[in-house]
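Structure, as structure tokens:
The values are calculated or read from the model by the stated rules, or taken from the named source; none is laboratory data. Bear in mind the structure is a predicted one, so any value in this text is a computation, not a measurement. Here the Cβ positions follow ideal geometry from the backbone for every residue, glycine too, while neighbour counts run over all protein chains shown. Surface areas here come from the heavy atoms of the whole protein model, side chains and all, with no ligands, DNA or RNA. Shrake-Rupley method; radii C 1.70, N 1.55, O 1.52, S 1.80 Å.
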Amino acid sequence: MILVSMLAVAIAALGILVLAPSSYAAEANRAASDAVVAEAEALITEAGKSDPVDTRLIHKAMDKLKEAMRIDPRNDSAYVDLGFCYGVLRDGPSAIDAYRTATDLNPSGSNFIELADVYLRVGDSEDALLAANAGIIKDPHNARLYNAKGMALNDLQRFAEAEEAWEKALQLNPNLRVAQANLDALNGGSTGRGSIIKHRTQQQSLTPP
């Protein structure tokens with residue numbers, strides 16, 4: 001009986017010794033993957049300094065991001081940045097696939113914001129609303145998610161609900177200017193309803209999410 005107990009303890013200890021290196025390896029892979037993602041983001045930022053955007057650098061960044069995915073296939077940041085690159089190249093379907101993978105790997109509020117945004121960019125308001133609502137479930141105090149929800153509802157001509165969403169966004173973050181601008185436009189501001197700010201302004205200096 002004592003021998004059996006000692007054997008069980010030895011096996012348990014061995015299990016700990018086996019699991020620990022695996023955990024360290026995963027952490028090391030993520031760190032290495034994140035380092036490559038950082039290199040890709042530097043290329044994206046550099047690409048935005050050109051007018052028009054230097055797509056050669058964007059493609060180089062995409063190669064880096066795919067390398068980061070090979071190192072750590074669960075690095076959602078790599079997929080978010082890849083979706084951003086596809087968006088710059090105006091490849092909507094590929095951008096959506098990348099952002100959806102990011103939310104599958106990490107269903108965070110920030111990832112759902114990116115997914116909702118790309119759906120809005122391609123004119124898919126219903127899926128944008130679903131993405132915003134899914135994000136709100138995960139991060140109910142995220143004002144940007146309510147702003148995205150308002151934009152989707154506005155596109156679906158559900159104006160009263162859009163107004164409620166933007167008001168909620170401003171309750172959570174009174175300094176969220178885009179929500180205030182959208183609310184003013186909806187309520188007949190000086191620029192009118194047609195000026196709803198649906199997407200992030202394209203800037204010469206690109207910054208990945």
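Among the residues of the stretch 85-92, is any touching a Lys or Arg at 6+ places or on another chain (Cβ under 8 Å) and closer than 21 Å to D155 by Cα?
yes
How many of the residues in the stretch 136-157 are within 15 Å of A179 (Cβ to Cβ), part of a helix (DSSP H, G or I) and not aromatic (F, W, Y)?
Residues in the stretch 136-157 being within 15 Å of A179 (Cβ to Cβ), part of a helix (DSSP H, G or I) and not aromatic (F, W, Y): 12 in total.
Return the pair list, or none, for Cβ contacts closer than 6 Å from residues in the stretch 60-89 that are under 11 Å from R30 (Cα atoms) and at pLDDT 95 or above to residues that are of a type in the set (D, E, K, R) and assigned to a helix (DSSP H, G or I), at least 6 apart or on different chains.
D72/R30
Quick check on the stretch 30-48. Is at least one of its residues touching a residue at least 60 places away in the same chain (Cβ under 8 Å) and either of a type in the set (S, T, N, Q) or open to solvent by 40 Å² or more (accessible area, probe 1.4 Å) (or both)?
yes
Scan E126, E114, E161, E167 and give me the residue that is in a helix (DSSP H, G or I), charged (D, E, K, R), in contact with a helix residue (DSSP H, G or I) (Cβ under 6 Å, 6 or more places away or on another chain) and more than 19 Å from V80 (Cα to Cα).
E161 is the lone residue from the list that is in a helix (DSSP H, G or I), charged (D, E, K, R), in contact with a helix residue (DSSP H, G or I) (Cβ under 6 Å, 6 or more places away or on another chain) and more than 19 Å from V80 (Cα to Cα).
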